[in-house]
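Here is the structure we will look at.
The values are calculated or read from the model by the stated rules, or taken from the named source; none is laboratory data. All values reported here derive from a predicted model rather than from experimental measurement. Note that each Cβ is placed from the backbone with ideal geometry, even for glycine, and that neighbours are counted across all protein chains shown. The accessibility values were calculated without ligands, DNA or RNA, using every heavy atom of the protein model including side chains. Shrake-Rupley method; radii C 1.70, N 1.55, O 1.52, S 1.80 Å.
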Amino acid sequence: MAKLLKSSKNLVDETKNNIHIKSIIKRLECVVKIKGNFEKNFIASPSINRTGLELACTSKEIKFPYIKSLVIWGSKESDFFKKLGNIKLIEDSIKRVIKLKPPLLILCKGFEYDNLVLKIAKNFSSTIATTKLRSHEVIFSISSWIIEKLSSYSFIHGTVISVDDVGILIVGESGIGKSEVALKLLKNNAVFIGDDAILITNLGNRIVAKVNKIAGNFLEIRGIGLINVAQMFGITKIKETCGIDIVVTLVKAKNLEREYFERVGKKFNFTKILGVNIPNYRIPVTYGRDICMLIESAVADYKLKRYGYNSAKEFMKNYLQLINKK
């Protein structure tokens with residue numbers, strides 16, 4: 001599958017930064033009041049714009065750029081219009097925003113000037129929709145999703161699964177058995193994100209991974225070929241995206257004498273991905289070792305350390321107490 005992925009030009013489509021407005025309308029269960037250029041309207045900016053400056057600015061000398069983000073108006077914008085008082089001033093404020101061609105303007109619960117907006121916007125290109133949600137509920141529901149969708153992604157080679165809600169990036173030399181390990185973990189209630197060319201991005205100092213469109217739900221098993229995880233294990237065994245909490249590096253037996261492996265585990269070893277330090281568990285692959293069990297143990301160790309318990313420190317504490325008694 002790696003050769004197929006490397007040879008495909010369609011991979012670049014994954015990093016195109018826009019969202020069609022129908023995705024947002026569907027996600028928020030909006031009602032479209034004015035279609036505008038519905039098929040051509042895309043969100044290209046990750047911010048959710050309340051257009052405060054555009055509404056308030058009356059100077060003709062200040063030119064605002066076209067709006068490429070989602071615009072929402074709610075009770076605060078209604079309060080602003082009420083304070084303007086004069087209907088002509090209100091209409092001018094609304095027109096200043098509509099002329100900037102926002103791809104989608106959502107009128108939230110609590111906004112009281114729907115009819116006026118619809119009257120002004122009917123001859124422009126923006127899509128106007130209403131929602132039963134208040135503005136803060138819209139921001140809470142969709143802001144992180146928009147940021148994730150519009151982020152720039154890079155490729156990393158490996159297999160990503162989730163075990164007990166811990167995202168794991170499994171890496172190692174070609175042929176070491178990453179996919180086979182993932183397959184066995186799937187039988188132990190792991191969830192599959194992707195195999196081979198994984199898309200990753202840094203969101204707020206957290207690495208998020210998702211599968212690319214070509215690889216989809218497929219997992220390559222040497223000697224068998226490609227298997228569809230969703231078809232073989234069920235739709236509940238796949239997930240579109242997850243954070244990478246730990247890296248598991250599988251090391252071949254022939255390299256063992258050149259490698260240092262953690263024996264005590266007092267502190268994390270880290271690997272840096274897109275500027276973020278991720279705990280890295282280096283596991284030697286030798287005959288007879290149950291790698292799946294070791295990865296599950298690494299997950300448990302990570303969760304314990306994250307919640308403040310460290311087995312190595314506990315061991316050293318008990319050891320020192322025993323020595324001091326003597």
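Quick notes on this structure:
- Residues that are of a type in the set (K, R), at pLDDT below 80 and more than 17 Å from the chain's Cα centre (by Cα), drawn from segment 212-259: R222, K254, R258
- Some residue of segment 44-60 being over 30 Å from N202 (Cα atoms), open to solvent by 40 Å² or more (accessible area, probe 1.4 Å) and acidic (D, E): no
- Checking segment 79-91 against the condition returns no match, with no residue being assigned to a loop (DSSP other than H, G, I, E, B) and among the aromatic types (F, W, Y).
- Checking F64, F140, F111 one by one, the residue that is in contact with a Cys (Cβ under 9 Å, 6 or more places away or on another chain) and free of Cβ contacts under 8 Å to residues at least 40 places away in the same chain is F64 and no other.
- Within segment 291-312, restricting attention to residues that are at pLDDT below 80 and under 27 Å from the mean Cα position of the chain (by Cα), the residue that is most open to solvent (accessible area, probe 1.4 Å) is Y307.
- The set of residues in segment 204-257 that are crowded, with 20+ Cβ neighbours inside 10 Å, assigned to a loop (DSSP other than H, G, I, E, B) and β-branched (V, I, T) contains only I244.
- Some residue of segment 65-73 being touching a strand residue (DSSP E or B) at 6+ places or on another chain (Cβ under 7 Å) and in a helix (DSSP H, G or I): no
- When I120, I90, I98, I94 are checked against the criterion of being of a type in the set (V, I, T), surrounded by 18 or more Cβ atoms within 10 Å (Cβ to Cβ) and within 16 Å of S69 (Cα to Cα), I98 stands alone in meeting it.
- Criterion: touching a Ser or Thr at 6+ places or on another chain (Cβ under 6 Å) and at pLDDT 85 or above - qualifying residue of K149, K178: K178
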